[in-house]
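For reference, the structure is listed below as structure tokens.
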Amino acid sequence: MNRRLARELALQTLYSVEVGRHEPAQALADVAEGADLGEDRAFVRDLVLGTLESSEECDSVIVPLLQGWTIERLPTLDRLLLRMGVYELRHRRETPPAVVINEAVELAKKFSTEDSGRFVNGVLDRASKVA
């Protein structure tokens, strides 16, 4: 499995927790059941649990960068991608910021609105300078 797919599974898990109100452990188990995570199992788990545990910290970075938006008004997937991106920028420093941003943009283009890629790119680019 590659890291992009691992991030995609992490996003699906976060969405399941946020929208489906599933427990994180169960949501992780459900996502892992259908995929051969191999060595990326720990990466997916860390992204999901780290993002959930750090959501307030991540929001404190994101909110000042939203320019006219509130975090509650963002599409759910955009909000989750921004939190996951900020978590990775701040806590998984082995991944270059450009890679974190690019991966989040690609996921936004794939799963969210037409404008989400540009939006996520702008917010995470600014966040990478303060994270």
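The values are calculated or read from the model by the stated rules, or taken from the named source; none is laboratory data. Note that the structure is a prediction, hence the values are computed from the model and not measured. Here Cβ is always computed from backbone atoms with ideal geometry, including for glycine, and neighbour counts include all displayed protein chains.
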Q: Kindly provide the set of residues from segment 84-115 that are assigned to a helix (DSSP H, G or I) and small (Gly, Ala, Ser), ordered by number.
A: Gly85, Ala98, Ala104, Ala108
Q. Being of a type in the set (S, T, N, Q) and at positive phi, is that true of even one residue in segment 65-75?
A. yes
Q) Quick check: is even one residue across segment 79-93 more than 22 Å from Val17 (Cβ to Cβ), surrounded by fewer than 22 Cβ atoms within 10 Å (Cβ to Cβ) and not hydroxyl-bearing (Ser, Thr, Tyr)? A) yes
Q. Within the set of pairs 6+ apart or on separate chains, which have a first residue in segment 63-79 that is within 21 Å of Glu106 (Cβ to Cβ), a second that is surrounded by 15 or more Cβ atoms within 10 Å (Cβ to Cβ) and polar (S, T, N, Q), and C-beta atoms under 6 Å apart?
A. Pro75/Ser112; Leu77/Ser112; Asp78/Ser112; Asp78/Ser116
Q: Filter segment 3-37 down to residues that are touching a helix residue (DSSP H, G or I) at 6+ places or on another chain (Cβ under 8 Å), part of a loop (DSSP other than H, G, I, E, B) and either surrounded by 20 or more Cβ atoms within 10 Å (Cβ to Cβ) or modelled with pLDDT under 90 (or both), then give me how many there are.
A: 2
